[in-house]
């Protein structure tokens, strides 16, 4: 409340000072106007640059996203095609087991199954071989299992190579985009 009462008095004293020292008052007023004008135009120019940089970044991001989607589709198509070929070849080989491993081929001992299953699962062998106690394994069954296992391994390898190809392409796409954004 006291500030409101003092305000007319302060304004009167300021006006008297301005009249008495009009040159200083004009210089201060000119300085304030120039500083305000400079700030206004400077900030609008900075804002324009900022807006232009945001637009350029958005365009670069959109371009990268489009390129990544395209690269993903290419790699995915190649992997799916490769998996189909692997599956078809594996099925053909499994179907031909009977021709190449006749039913008259002697069976393999149960110990072979223990060795094969331990190697496939990555588990240790039993402490004592108990192969005498288990049933013999038909050679054709072994051939089918090995054929299926190898086809599965080739399929897994194709998927891994596809992921590696995808990662390399993604890296190349994002590296190019990063350099394009850095230029702006």
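The values are calculated or read from the model by the stated rules, or taken from the named source; none is laboratory data. On a predicted model such as this, the values are computed, not experimentally measured, just so you know. Neighbour counts are summed over all protein chains in view; Cβ atoms, including those assigned to glycine, are modelled from backbone coordinates with ideal geometry.
Using the structure shown, decide if residue 120 is free of Cβ contacts under 8 Å to residues at least 60 places away in the same chain, assigned to a helix (DSSP H, G or I) and assigned by TED's automatic domain parsing to the domain that holds residue 89.
Numbers: free of Cβ contacts under 8 Å to residues at least 60 places away in the same chain: yes; assigned to a helix (DSSP H, G or I): yes; assigned by TED's automatic domain parsing to the domain that holds residue 89: no.
When the stated conditions are applied, residue 120 does not pass them.
Scan the stretch 36-56 and tell me whether some residue there is in a helix (DSSP H, G or I) and either within 30 Å of residue 163 (Cα to Cα) or touching a strand residue (DSSP E or B) at 6+ places or on another chain (Cβ under 9 Å) (or both).
First, pick out the residues of the stretch 36-56 that are in a helix (DSSP H, G or I): 36-56.
Subsequent filtering for residues that are either within 30 Å of residue 163 (Cα to Cα) or touching a strand residue (DSSP E or B) at 6+ places or on another chain (Cβ under 9 Å) (or both) retains none.
No; the residues of the stretch 36-56 include none that is in a helix (DSSP H, G or I) and either within 30 Å of residue 163 (Cα to Cα) or touching a strand residue (DSSP E or B) at 6+ places or on another chain (Cβ under 9 Å) (or both).
Just for the stretch 68-90: of the residues that are over 31 Å from the mean Cα position of the chain (by Cα) and in contact (Cβ under 8 Å) with a residue 12 or more places away in the chain, which one is surrounded by the most Cβ atoms within 10 Å (Cβ to Cβ)? Full working, then the answer.
Just the residues of the stretch 68-90 that are over 31 Å from the mean Cα position of the chain (by Cα), to begin with: 88-90.
Still in the list and also in contact (Cβ under 8 Å) with a residue 12 or more places away in the chain: 89-90.
Details: 89: 14, 90: 18.
Among residues in the stretch 68-90 that are over 31 Å from the mean Cα position of the chain (by Cα) and in contact (Cβ under 8 Å) with a residue 12 or more places away in the chain, the one surrounded by the most Cβ atoms within 10 Å (Cβ to Cβ) is 90.
To keep it simple, each residue is scored yes or no on (1) closer than 30 Å to residue 166 by Cβ; (2) modelled with pLDDT of 90 or more.
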site	(1), (2)
2	no, no
11	no, no
32	no, no
60	yes, no
71	yes, no
101	no, yes
